[in-house]
Each structure stands twice: as C-alpha cells, then as structure tokens.
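The values are calculated or read from the model by the stated rules, or taken from the named source; none is laboratory data. What you see is a predicted model; the values in this text were computed from it and never measured. As a convention, Cβ positions derive from the backbone with ideal geometry for all residues, glycine included, and neighbour counts pool all protein chains shown. Surface accessibility is based on the protein's heavy atoms, side chains included, excluding ligands, DNA and RNA. Shrake-Rupley method; radii C 1.70, N 1.55, O 1.52, S 1.80 Å.
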Amino acid sequence: MAIDNIRLEVMQLLEKKIGTFIDKFLIPVDTVWQPTDFLPNSQNEDTFFEEVRELRELAKELPYDFWVVLVGDTITEEALPTYESWLMDVEGVNQHEGSTGNGWSKWVRYWTSEENRHGDTLNKYLYLSGRVNMIEVERTTQHLINDGFDIGTDRDPYKNFVYTSFQELATNISHSRVAKMAKQYSNKSLAKMCKIIAGDEMRHYNAYSEFVKQIFEVDPSQMMVAFSDMMRHKIVMPAVFLRESGNAIGTAFEEFSNAAQRLGVYTSQDYIDIMQRLIDKWEIDKLGGLTDEAEKARDYVMRLPARMQRISERLVIPEEEFEFKWVKPALVK
Ligand SMILES: [Fe+2]
Ligand SMILES: [Fe+2]
C-alpha cells in the first residue's frame, strides 16, 4: 500500500516530540526494574537453593489452565523480534536516517528494550518452576518467530498505533489477572512479577494511545478511517500463529485462547471493553469536521461495541481442558 504524504508529515510532526514521549512514558535503564529483581539471586550461595525450592513448592499449587496461559503469555512476549522488526518497517520509522536512525526508530528501540524484560522474567520463572516442558515451550517460541504474524496494519502508522494501543491494554489486562490469580494461590513472588509487567504495559498503552490522540488532532478523518478499518478487520492477537512442535501453523492458538477465557484472564468481554475504552479515550463522539467517509467510519465504530456484545453473549467456550505438550497434566493438579 502506498502511503499518502500527509501520514509522513504527521509522523514527522510527532517525531519532534519523541524525547518528551520517551521521558514521559518510559523509564531510564538504571532506574527501571530488571528480571533479576524478582527472581532468586543465583549469585547467593546461601539463599538461592532455598528460594528455588520455595518457588517450586508454591508452583505446585497452580492449576493446569493457569500454566497453559502463563506459557502462552510468555511465548507471546518472547516473539518480540517479530514485533520490533514489524514496527521498524512502519512508514515514518527509519533506522537508516543519520547514524542512529530517526526519532521514531529510537522510540521503537527503547520500547523494545523495556518489552524484552517481560519474556526474560517469565521464561526464567517457568524454567525454575519445574512445572512445564521447557523444550516444547522453546520449540513453540522458535516456531512463532519463524511464522511471523499478519496483523492487517500494513506499514500504515495510523493502523499500527491503533493496534499497539489495543494490544498494550490487552496485555495489561491479562498480566494483571494472572497476577491476581497467583496471589489467590499465595504465590506472592509470581504475583509481583506479573504485576510489574502489567505496569509496563499500562505505560506503553498510555504512550501509543497518546500518539493516536495527537494524530486525531491533526488528521481526524484519516485517523478515523484507519481506526474503523482495524476494528472491522478485528484485532488479531500477536500469537495467532501459535503452534506446538510437529503441528500445523496456528493450531495451538484457539486452545490457548480458550484456556484464557476459562480462567477469565482474557475474554471476549475484555475485547469489547478495550474497544469502548479506546472510543472514550479518543473522544470519537466529539470529533468534528470529518469527511463523509470518516463520518460513516465513526458511525460504524460507535455502534460496534453493542453489536459485538450481542454476538459474544452467544459464544460458548469449551469447558474441557486441552492437553498441551507444554504442560504435563500428570504433573499438575
Ligand atoms: Fe510485554
Ligand atoms: Fe507491551
């Protein structure tokens, strides 16, 4: 898809504020948390083994679907190379400009460096827990990166920022719910890890949704059409191509998503709520001076949550747990 010049101009306009965005929404390396802050300290001979033993004991309390969801969430985070390379390719983002790339490429790198800590944290936790079949988790991760994704945004910055706004909020919700469940099982350390990750996702949501808000101020009609196109197409999850080793592309995604629905970690109701939150945040009802096409797009988006609500009430999620290679049912209650 060829991009119009206006989008590039808008991206250049926002690019002037990248420094402010980084200061406002991201945290400097030396002060932000690191995975090690939440994991047993392997340098400490006196405490390490005891801490690991405790971590493993507490892990035994967590139910089967919980592990499936935690594994799926971890793999989704671990496929970060896919997301970084995708965003680097968005129109207006240029890593070849000057010696360090343009402002947007800096944003993408800084966002990536924060995201990179999520998979690191969860992967180490899973490994130490002893409750999952790590080789299968690793194979799925490698497959997912091989398979890439197609989120229907093309290289359009407007569509991509709608996608990232949605997705950051979705991950905030799911990591927060996992944290809450872990706490219910008295697993305080896992709860802390997931809660701190959820906090990062919230900052990222605030950033991407702010970018969209500012685009609405300067190019409302095109931004509106892009938002509606994304909602019409539906926001596909980044792990939509998830598969277990030996299986066809995408075959594990639905069962992972069913497990998340059963647990209430991420549901079709959440999808609708996120959509409504974006509509409210961007004050879609108050947009003025729209073209006819954009007015139609607005009508469509404003009606969509209620329409999806009616459809989602008819959705039935299978009650039966699905047996993944990642988690051995015999090992887990
Ligand atoms: Fe993340
Ligand atoms: Fe994120």
**Asked** Ordered by residue, what ³J(HN,Hα) values in Hz, to whole numbers, does segment 42-57 give under the Karplus form 6.51 cos²θ - 1.76 cosθ + 1.60, where θ = phi - 60° and Gly and Pro are x?
**Response** 6, 7, 9, 4, 6, 10, 3, 5, 5, 4, 5, 4, 5, 4, 6, 5
**Under 21 Å from the Cα of Lys325 - lysines, other chains or at least 8 residues apart** = Lys60, Lys124, Lys333
**Asked** What 222 nm value per residue comes from the helices of the chain, counting each DSSP H run with n ≥ 4 as -39,500 (n - 2.57) and dividing by all residues, nearest 500 deg cm²/dmol?
**Response** -21500 deg cm²/dmol
**Asked** Exactly which trypsin sites (Lys or Arg not before Pro) in segment 197-273 are in a DSSP loop and have at most 14 other Cβ atoms within 10 Å?
**Response** Lys234
**Request:** Skip the ligands, DNA and RNA, and give the accessible area per residue of segment 28-103 with a 1.4 Å probe, whole Å².
**Result:** 52
**Fill in**
Calc'd 3J(HN,Hα), segment 139-148, phi into Karplus 6.51 cos²θ - 1.76 cosθ + 1.60 (θ = phi - 60°), Hz, glycine/Pro = x, comes to 5, 4, 4, 5, 4, 4, 5, 4, 7, x
**Asked** Excluding Glu9 itself, what net charge comes from residues whose Cβ is under 13 Å from its Cβ, given Lys and Arg +1 and Asp and Glu -1?
**Response** -2
**Asked** When the chain is modelled as a GNM with alpha-carbon springs shorter than 10 Å, which of Ser165, Ser42, Ser129 fluctuates the most?
**Response** Ser42
**Fill in**
So the carbon and sulfur contribution to the accessible area of segment 1-114, 1.4 Å probe, in percent, is 50
**Prompt:** Is the shape of the chain best called rounded, prolate or oblate, per the rule: a/c under 1.5 gives rounded, else a/b larger than b/c gives prolate, else oblate, with a ≥ b ≥ c the square roots of the Cα gyration tensor eigenvalues?
**Reply:** prolate
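Once you keep just the Cα pairs under 8 angstrom separated by 6 or more residues, what percentage relative contact order results for segment 1-113?
Values: 49 pairs, mean separation 37.3, N = 113.
Across segment 1-113, relative contact order equals 33 percent.
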**Prompt:** Using unit Cβ charges (K, R positive; D, E negative) and no other charged atoms, how large, in debye to the nearest 20, is the dipole of segment 233-333 about its Cα centre?
**Reply:** 120
**Request:** At 4 °C and 1.567 mPa s, grab the translational diffusion coefficient of segment 186-292 from Stokes-Einstein with a Kirkwood Rh over Cα pairs, rounded to a whole number in µm² per second.
**Result:** 78
**Request:** Can you sort Val69, Val316 by 1.4 Å-probe accessible area, starting with the largest?
**Result:** Val316, Val69
